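Asks: Here you go, one structure.
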Amino acid sequence: AAHYRLTRVDIRPLFPAPKEGKKKGQDSGPKPGKVIFGKKVTGRPVPVGDLTPESGRVTVEGEVFGREVKEVRGGSHVFSFNVTDHTGSLHVTRFLKAEEGKDLEAVQNGMYLLLSGTVSYDRWHGDIAMEPRNIQLMEKPRREDKASGGKRGELHMHSRYSQLDART
């Protein structure tokens, strides 16, 4: 600041940070650890990439994507979604009678779940799939910075070929 002969420097954010408080009538959704379906899940999770059609009853954890609910004859529903733990992905399917399944409506894309159930080969999908017995909501693990050392820098450069990067 002295170099530019300034007496004072004010730094203000252009956009204020969002408020953490919860508004009236706003539901934050299910809490981590809440049982969504069945009973509390016990057992250590197995990496999805290690599962085989012969794995049988297992416990897995991961993030939900590709959620679908299909109605079939007689008012029954097929509730399905995929789970990934970034070692692999697993298709999860549960057939529900008309009066069942209100709890499973809480499962949404992006949730992090702990599931236990039976893994077997699904001829319909041509891959392994799980039929869940228990589903529990978990807090998504935060990515940790495991790099040693102190500061980091980002290298950004341009060359005489930079204009050619975006051309196809």
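Asks: Would you check if Glu100 is in a helix (DSSP H, G or I), without any contact (Cβ under 8 Å) to a residue 60 or more places away in the chain, closer than 22 Å to Gly38 by Cα and open to solvent by 30 Å² or more (accessible area, probe 1.4 Å)?
Replies: When the stated conditions are applied, Glu100 does not pass them.
Asks: Search the range 75-89 for residues that are open to solvent by 40 Å² or more (accessible area, probe 1.4 Å) and pair each with any residue that is polar (S, T, N, Q) when their beta-carbon atoms are under 7 Å apart and the residues are at least 6 apart or on different chains.
Replies: Ser89/Asn82
Asks: Being in contact with a Ser or Thr (Cβ under 6 Å, 6 or more places away or on another chain), over 16 Å from Lys140 (Cβ atoms) and in a strand (DSSP E or B), is that true of even one residue in the range 44-61?
Replies: Yes; the residues of the range 44-61 include at least one that is in contact with a Ser or Thr (Cβ under 6 Å, 6 or more places away or on another chain), over 16 Å from Lys140 (Cβ atoms) and in a strand (DSSP E or B).
Asks: Out of curiosity, is Leu114 open to solvent by less than 100 Å² (accessible area, probe 1.4 Å), out of contact with any Leu (no Cβ under 7 Å at 6 or more places or on another chain) and under 23 Å from Gly33 (Cβ atoms)?
Replies: The answer is yes for Leu114.
Asks: Residue check: is Phe95 assigned to a strand (DSSP E or B) and open to solvent by 80 Å² or more (accessible area, probe 1.4 Å)?
Replies: Yes.
Asks: Sticking with this one: Quickly run through the range 6-54 and pick out the residues that are at pLDDT 60 or above, within 23 Å of the chain's Cα centre (by Cα) and among the small types (Gly, Ala, Ser).
Replies: Gly33, Gly38, Gly43, Gly49
Asks: Go through the range 55-74 residue by residue and tally those that are hydroxyl-bearing (Ser, Thr, Tyr) and open to solvent by 30 Å² or more (accessible area, probe 1.4 Å).
Replies: So the answer is 1.
Asks: Show the residue pairs that are 6+ apart or on different chains and have beta-carbon atoms under 6 Å apart, the first residue being within the range 51-70 and in contact (Cβ under 8 Å) with a residue 60 or more places away in the chain, the second being open to solvent by 60 Å² or more (accessible area, probe 1.4 Å) and assigned to a strand (DSSP E or B).
Replies: Pro53/Tyr121
The values are calculated or read from the model by the stated rules, or taken from the named source; none is laboratory data. Predicted model, so just to flag it, every value in this text is computed and none were measured. Every residue, glycine as well, gets a Cβ built from its backbone with ideal geometry; the counts of neighbours run over all protein chains shown. These accessible areas exclude ligands, DNA and RNA; they are computed on the full protein's heavy atoms, side chains included. Shrake-Rupley method; radii C 1.70, N 1.55, O 1.52, S 1.80 Å.
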